[in-house]
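One structure below.
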Amino acid sequence: MSAPVEVPDLVARTLDLSRRRGFITSTRHETGRLLATLAASREGTLAELGTGCGVGSAWLHSGAPKEARIVTAELDPELAKDVQEIFASAENVTVLAGDWSALEQYAPFSLLFVDVRDVMADMDVLAGLLAPGGIAVLDDFVPSSFWPPIVDGQVDTVREQWLTDERFVAVEMLIDPDASLIIATRR
Ligand SMILES: C[S@@+](CC[C@H](N)C(=O)[O-])C[C@H]1O[C@@H](n2cnc3c(N)ncnc32)[C@H](O)[C@@H]1O
């Protein structure tokens with residue numbers, strides 16, 4: 001056991017929503033604790049692309065300073081509504097219903113949790129949303145012992161790009177034997 005079993009109250013409520021909705025792609029505890037840890041070093045505005053049931057936002061909220069703002073966007077309006085209810089009393093969290101691009105108005109971000117797979121390839125856009133020193137966290141990669149990384153017989157060009165782009169200092173971290181993420185800090 002490497003971390004406390006208990007989770008913050010808002011995280012527990014979002015996990016409960018995930019269970020009720022049968023939503024299986026919510027952020028794992030390990031990633032959540034990492035998000036909270038990084039959030040504690042941030043100020044200004046933190047953003048999440050793809051709210052899901054709000055688990056990532058709840059972890060960010062648990063770590064971020066009270067003065068920091070957290071904005072997150074979810075394409076599914078029903079899901080966004082459920083999550084808005086959970087965060088109703090969290091004044092520094094804004095849950096938007098709609099495409100993630102609605103978050104651009106709140107940039108620059110000190111942290112950007114990218115949890116929509118298709119968006120990760122839009123590296124130029126994402127780089128433009130981050131403040132200097134801002135941190136991007138990209139979730140849900142399949143670990144690969146090869147370089148460049150290979151998944152299902154094909155080079156994972158998105159991961160390769162994030163790990164080698166001159167605008168970032170980046171590292172891939174194993175979260176579980178079957179999952180990794182990338183942390184990339186904007187120079
Ligand atoms: C992997 S889940 C997110 C999990 C969540 N971040 C968490 O911490 O548990 C991806 C979510 O992104 C949403 N999504 C997909 N495309 C989107 C888009 N273009 N803009 C905003 N949300 C999107 C999906 O509806 C889904 O709920």
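The values are calculated or read from the model by the stated rules, or taken from the named source; none is laboratory data. Treat the numbers as computed from the prediction; the structure is a model and nothing was measured. When we count neighbours, we look across all protein chains shown, and the Cβ atoms used for this are built from the backbone with ideal geometry, even at glycine. Please note that ligands, DNA and RNA were not included when accessible areas were found on the heavy atoms of the full protein model with its side chains. Shrake-Rupley method; radii C 1.70, N 1.55, O 1.52, S 1.80 Å.
Could you pull out every residue, at least 5 positions away or on a different chain, whose amide H is within less than 5 Å of the one on Gly50? Hs are placed 1.01 Å off N in the peptide plane, and Pro or chain starts have none.
Close amide H contacts, sequence-distant or interchain: Ala73.
Tally the DSSP beta bridges in the chain and give the antiparallel ones as a percent, rounded to 5.
Of the beta bridges lying entirely in the chain, close to 45 percent run antiparallel.
Net charge near Ile135: determine it from the other residues with C-beta under 11 Å of the C-beta of Ile135, scoring Lys and Arg +1 and Asp and Glu -1.
Result for the neighbourhood of Ile135: +2.
Before I look further, what does the range 9-186 give for accessible area per residue, probe 1.4 Å, in whole square angstrom?
That works out to 47 Å² per residue.
How tilted is helix 77-86 with respect to the longest principal axis of the chain? Cα atoms for both, answer in degrees (0 to 90, nearest 10).
60 degrees
If you roll a 1.4 angstrom probe over the protein chains with everything in place, what fraction of the accessible area of the chain belongs to carbon and sulfur, to the nearest %?
52 percent
Calculate how large, on average over all directions, the projected area of the Cα convex hull of the range 21-101 is; give the answer in nm² to one decimal.
Taking a quarter of the hull surface, the average projection is 5.0 nm².
Is the range 91-186 rounded, prolate or oblate when judged by the Cα gyration tensor, a ≥ b ≥ c being the square roots of its eigenvalues, rounded requiring a/c under 1.5 and prolate requiring a/b larger than b/c?
Prolate is the answer for the range 91-186, as a/c is 1.5 or above and a/b outweighs b/c.
Please give, to one decimal in nm, the separation of the simple spin-label points placed at Ala88 and Arg20, each 7 Å out from Cα toward the Cβ.
The two pseudo-label positions are separated by 1.2 nm.
What is the local net charge at Leu126, summed over the other residues whose Cβ is closer than 11 Å to its Cβ (Lys, Arg +1; Asp, Glu -1)?
Around Leu126, the surrounding residues sum to -2.
Under the rule that an exposed site lies in a DSSP loop and has at most 15 other Cβ atoms within 10 Å, name the longest stretch of the chain with no GluC sites (Glu not before Pro) of that kind, not counting the sites themselves.
Between exposed loop sites, the widest span is 92-165.
Sum -39500 (n - 2.57) across every DSSP H segment of at least 4 residues in the chain, then divide by the residue count to get the 222 nm mean residue ellipticity, nearest 500.
-9000 deg cm²/dmol, from helical runs alone.
What is the calculated FRET efficiency for Asp124 to Ala102, with r their C-beta to C-beta distance and R₀ = 25 Å, to the nearest 0.05?
0.85
Strictly greater than 28 Å: what percent of every Cα pair in the range 1-142 meets that?
9 percent
Of all alpha-carbon pairs in the range 101-153, indicate the percentage at a distance above 14 angstrom.
Result: 59 percent of Cα pairs exceed 14 Å.
So, taking all protein chains as they sit and a 1.4 Å probe, how much accessible area belongs to Ile183, in Å² rounded to tens?
My reading of the accessible area for Ile183 is about 20 Å².
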